[in-house]
Amino acid sequence: MKNNILDGKAISTVIKKEIAAEIKSLNTKSVIQPGLAVIQVGDNPASSIYVRNKKKSCDEAGIKSFEHRLSDKTSEEELLTLIKQLNDNEGIHGILVQLPLPSHIREHVVLEAISPDKDVDGFHPYNVGKLMVGKGSLLPCTPAGIIELLERSEVKIEGKKAVILGRSNIVGKPLAIMLLQKNATVTICHSKTKNLPDITKRADILVAAIGSPEFVKEDMVKEGAVVIDVGINRVEKKLVGDVDFEKVSQKASQITPVPGGIGPMTIALLMKNGLSAFKNQMKIK
Ligand code: GUN
């Protein structure tokens, strides 16, 4: 591996080991194991891979996972009934509904139905609001994984110009708030942004989260920038990010690969949220 790689896979392994050790030590005091319910509606192939990876990480961390695979014909009401049962189930400490949902189900209604205490994705408006005022505890996993990767790799955030491509509720918007709280100067760009390269070329930290294969070219990046690639795009049976890795890695001081960058960090932070939701509900400090 090149020496300017931000190795999300390696760092996520360290985080998962830390979580597994903590859960093991809690198990000596309590017989109850953290429980995480993962709901998938339909069989979107990408979602199936994510759900499988989440389940595998739960096994490694010592979190009991409960998979609910529902048909794409499931009604919104049936899904809400399942969420209510899981909210009321004391053996379940975290609930995750894999997105995207089929178009006949309203995403915001489903996310608002999850108990905020069990919202390990950090997507409930209550948790979004807490993040906004700097009091968040269950933070969205992908942006939290990016911050953790930067911090554990000793990338300074304070005072830096951070530019984010993409304004999604899952990545772009919460990441902007988190970077702002770490005292970066943050710009969010999107599909209607004018003169995009002029803005991206000023970034000390450039994050691409738009889902467009190899969109970020080397002429859009400042020499020495730290480049974070959130994209996972399948092109001719190969996975590529939102950044043209071969070219941009020549210019960046540090860069995340795809795969092996932000993907594994997201799952590690999900495990962290699973543990903190458990401790919170069990009143363990
Ligand atoms: N789909 C894409 N990213 C995510 C995520 O972080 N959580 C969930 N639940 N679904 C997703």
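Here, each number is a calculation from the coordinates, and none is a lab measurement. Being a predicted model, the structure only gives us computed values, none of them experimental. Ideal geometry is used to build each Cβ from the backbone, glycine not excepted, and the neighbour counts take in all protein chains shown.
Of the residues that sit in segment 83-108 and are surrounded by 14 or more Cβ atoms within 10 Å (Cβ to Cβ) and more than 15 Å from the ligand (Cβ to nearest atom), which one is farthest from residue 169 (Cα to Cα)?
Among those that are surrounded by 14 or more Cβ atoms within 10 Å (Cβ to Cβ) and more than 15 Å from the ligand (Cβ to nearest atom), it is 89.
Out of (1) without any contact (Cβ under 8 Å) to a residue 12 or more places away in the chain; (2) polar (S, T, N, Q); (3) closer than 15 Å to residue 281 by Cβ, the odd one out for residue 85 is which?
The one condition residue 85 does not meet is (3).
Please tell me if residue 41 is hydrophobic (A, V, I, L, M, F, W, C) and within 16 Å of the ligand (Cβ to nearest atom). Give the steps one after another, and end with the answer.
Details: hydrophobic (A, V, I, L, M, F, W, C): yes; within 16 Å of the ligand (Cβ to nearest atom): yes.
Here the answer is yes, as residue 41 does meet what is asked.
Out of (1) more than 16 Å from the ligand (Cβ to nearest atom); (2) part of a helix (DSSP H, G or I), the odd one out for residue 157 is which?
All conditions are met except number (2).
Quick one: is residue 3 within 16 Å of the ligand (Cβ to nearest atom) and under 27 Å from residue 232 (Cβ atoms)? Outline the logic, then answer.
Values: within 16 Å of the ligand (Cβ to nearest atom): no; under 27 Å from residue 232 (Cβ atoms): yes.
It is false that residue 3 is within 16 Å of the ligand (Cβ to nearest atom) and under 27 Å from residue 232 (Cβ atoms).
Just the residues that are of a type in the set (D, E, K, R) and assigned to a strand (DSSP E or B), please, taken from segment 226-275.
229, 234, 238
I need the full set of residues from segment 89-108 which are in a loop (DSSP other than H, G, I, E, B) and either farther than 13 Å from residue 77 by Cα or in contact with a strand residue (DSSP E or B) (Cβ under 9 Å, 6 or more places away or on another chain) (or both), in order please. It would help to see each step written out before you state the result.
Of all residues in segment 89-108, those in a loop (DSSP other than H, G, I, E, B) come to 89-93, 98-106.
Matches in segment 89-108: 89, 90, 91, 92, 93, 98, 99, 100, 101, 102, 103, 105.
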